[in-house]
Structures are given as C-alpha cells and as structure tokens.
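Undergrad: Sharing a structure, written as structure tokens. Questions coming.
Throughout, read-outs are computed from the coordinates displayed, never taken from laboratory work. What you see is a predicted model, and the numbers here were worked out from it, not measured in a lab. All Cβ positions, even for glycine, are placed from backbone atoms using ideal geometry, and neighbour counts span all protein chains on display.
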Amino acid sequence: MEQKVIYSEQLHIAVNPTEIITVLGSCVAVCLFDPKTRIGGMNHYLLPLWNGNGLKSLKYGNISNERLIEGMLSVGANLKSIQAKVFGGAVLNIDEKLSVGPRNVQVALDILKEYNIPIVSSHVGGDKGRKIIFSNQDGGVYMKLSR
C-alpha cells in the first residue's frame, strides 16, 4: 500500500490503496471517504478563512475544504455517499480566544454541512497534537495523541 505524507497547506486524493499521513496541532485535517468507490482524500490547513487578499491558498480552511470536495468529485466520488472524519484544532496557547484551532474546526463543520456531507467521526480540540493515518481501503483512521 502506498503511503503519502501531507503537510500544512496540502491535500491528497487517493484512488489506489493509500495511507495518507499528517501531524496536527491547531491545524485541522478533514478526511473524506466514498465507501462505494473507495476514493479517499485528506487535507491539512492552518487558518480558517481566506480574507480575499493574496492568493487563494490551501492554507485556508474554506479554500482547502472546497478543493478537497471538488477534487474527490472530479475523480469519481459521489457526493451522496461521501463521509467525513474531522481531526485537530487543538488549543496550543494559554488564551483560548487567541487560538485558531476552534475556528479551524468550525470552518470544517460549516462547509461539510453546506455540502450535506455527514461527519461519522471526529476528534477535535483539547491541548494535544495528533498524528493521523487515514486509509482509503476502508475509510479507517488511526490517531495517536502527542504527549
């Protein structure tokens, strides 16, 4: 099985058997899976919303999530059967109001709701980072919390 590591501001969509791996802190990863076609994809974004200045970058949740969904559909996934799993959004500083993590999570929830994609699993918030391994073989996710 192929393995693909993605970093902040990246996404990967897999048609062939693949494990997609990333490490998150306040960033968020959305894993999408179509169980009928076994197409899976994952993104990793740093900030919630693109403000219109500069380039539309995968750094922003609203851009990254829409590109992930569009990319899945472009290689044959069916919007009606896609399921989502959402991870990350830790609060890594003392002042929760300054932390971007919860806002990153909210962007994922809002966009998935807009596309009517059900969230079947999530592990968000807290104060620890996460390592995520997502397989498009069965849609499974292995997650390990940092210490």
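Undergrad: Run the numbers on region 1-68 and let me know its relative contact order in percent, using alpha-carbon pairs under 8 Å that are six or more apart. Could the numbers behind the result be given before it?
TA: Values: 137 pairs, mean separation 21.8, N = 68.
It rounds to 32 percent for region 1-68.
Undergrad: Here's another thing I want to ask about it. For the chain, what does -39500 (n - 2.57) per DSSP helix run (n ≥ 4), summed and divided by total residues, give at 222 nm, in deg cm²/dmol to the nearest 500?
TA: Mean residue ellipticity at 222 nm (helix-derived): -6000 deg cm²/dmol.
Undergrad: Can you pull the semi-axes for region 20-147, root of five times each eigenvalue of the Cα gyration tensor, sorted largest first, whole Å? Don't skip to the answer; put the middle values down first.
TA: Working: eigenvalues 107, 63, 26 Å².
Semi-axis lengths for region 20-147 are 23, 18, 11 Å.
Undergrad: Just subtract the alpha-carbon distance of residue 78 and residue 53 from 0.36 nm times their residue separation and send over the number in nm, one decimal.
TA: Values: separation 25, 0.36 × 25 = 9.00 nm, distance 3.25 nm.
Using 0.36 nm per residue and subtracting the Cα-Cα distance, I get 5.7 nm.
Undergrad: Can you tell me which of 70, 114, 19 moves the most in a GNM of the chain? Springs connect C-alpha atoms under 10 Å apart.
TA: 114
Undergrad: Turning to a different aspect of this structure: Of all DSSP beta bridges in the chain, what percent run antiparallel (nearest 5)? Before the final figure, lay out each step's value.
TA: Values: 27 of 37 bridges.
So the antiparallel bridges amount to about 75 percent of the total.
Undergrad: For each of 44, 12, count neighbouring Cβ atoms within 10 Å of the residue's Cβ, then give the residues from fewest to most. The partial results should precede the final answer.
TA: Details: 44 26, 12 20.
Ordered by Cβ neighbours within 10 Å, fewest first: 12, 44.
Undergrad: Let me ask something else. Taking only Cα atoms, what is the 0 to 90° angle, nearest 10, from helix 101-114's long axis to the longest principal axis of the chain?
TA: The two axes meet at around 40 degrees.
Undergrad: Express the relative contact order of the chain as a whole percentage, based on alpha carbon pairs under 8 Å and six or more residues apart in sequence. Don't skip to the end; give the middle numbers.
TA: Working: 371 pairs, mean separation 42.7, N = 147.
The normalised contact order for the chain reaches 29 percent.
Undergrad: Can you put 100, 30 in order, fewest other beta carbons within 10 Å first? Present the calculation step by step, with values, prior to reporting the outcome.
TA: Numbers: 100 19, 30 30.
Starting with the residue having the fewest Cβ neighbours, the order is 100, 30.
Undergrad: Oh, and also: Output the 0 to 90 degree angle, nearest 10, between the alpha-carbon long axis of helix 61-74 and the longest principal axis computed from the alpha carbons of the chain.
TA: It is inclined by approximately 0 degrees.
Undergrad: Which of 42, 1, 143, 72 has the fewest other C-beta atoms within 10 Å, and how do the rest follow up to the most? Write out the running numbers ahead of the final one.
TA: Values: 42 29, 1 10, 143 16, 72 25.
Final ranking by Cβ density, sparse to dense: 1, 143, 72, 42.
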